[in-house]
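Computed from the coordinates by the stated procedures, all read-outs in this text should not be read as laboratory data. This is a predicted model, so every value here is computed, not measured. With ideal geometry, Cβ positions are generated from the backbone for all residues, glycine too; neighbour counts draw on all protein chains shown.
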Amino acid sequence: MTMNHEGSGTSIILETERLFLREMDRNDYDALYRVLTDTEIMRHYPYTYDAARVRAWIERNIDRYRVNGFGLWAVCLKESGEMIGDCGLTLQNINENVLPEIGYHIRRDFQRRGYAKEAVKAVRQHGIRRLGADRFS
């Protein structure tokens, strides 16, 4: 299935009952800025996000799609197409082992509705199929 996102024709990677996950693109800046600059959501990160870091986040994921075939994807509501966060697979170096990790960030006004759990479950199943991984860091 292909969803026309701001004219980009970005393909949907995963679907759940209420969400679809697709590759991020540069048009996602405003939506992602609302998530990554929220100090409560990003409290475990070593620095505060600003415009440059949000743009770099998008570029890093675009590179991950090209190099790894996966990364953090835009989490969008099926009902409206609105991007409410990100969720996906990244490779992390943990104790000198490169392991897949499932990460996510959901905009604060959409938290506590089960969206993160729904997205993570779909990403985990995708990771098992795609990477053959049965455990994630």
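Give the relative contact order (percent, whole number) for segment 12-131; include only Cα pairs under 8 Å separated by 6+ residues. Working shown, then result.
Working: 185 pairs, mean separation 31.3, N = 120.
This gives 26 percent for segment 12-131.
Compute the distance in nm between two label points, each set 7 Å from the Cα along the Cα-to-Cβ direction, one at Arg60 and one at Asp109.
About 2.7 nm separates the two model spin labels.
Direction-averaged shadow area of the convex hull around the Cα atoms of the chain, nm²? Please report the intermediate quantities before stating the final value.
Values: hull surface 34.0 nm².
Directional mean of the projected Cα hull area for the chain stands at 8.5 nm².
Explain nothing, just compute: Karplus ³J(HN,Hα) = 6.51 cos²θ - 1.76 cosθ + 1.60, θ = phi - 60°, for every residue of segment 89-94 in order, whole Hz, x for Gly and Pro.
For segment 89-94, the Karplus curve yields 10, 9, 9, 10, 8, 10 Hz.
How many angstrom lie between the Cα centre of segment 21-65 and the Cα centre of segment 81-99?
12
Once you sort the root eigenvalues of the Cα gyration tensor of segment 21-83 as a ≥ b ≥ c, which label holds: rounded (a/c under 1.5), prolate (a/b larger than b/c) or oblate (the other case)? Working shown, then result.
Working: a/c = 1.84, a/b = 1.18, b/c = 1.56.
Because a/c hits 1.5 or more and a/b fails to exceed b/c, segment 21-83 counts as oblate.
Based on the mean of other Cβ atoms within 10 Å per residue, sort peptides 70-79, 53-62, 22-31 so the most packed one is first. Kindly include the intermediate steps, with their values, before the conclusion.
Numbers: 70-79: 21.5, 53-62: 16.5, 22-31: 18.1.
In decreasing order of mean packing, 70-79, 53-62, 22-31 become 70-79, 22-31, 53-62.
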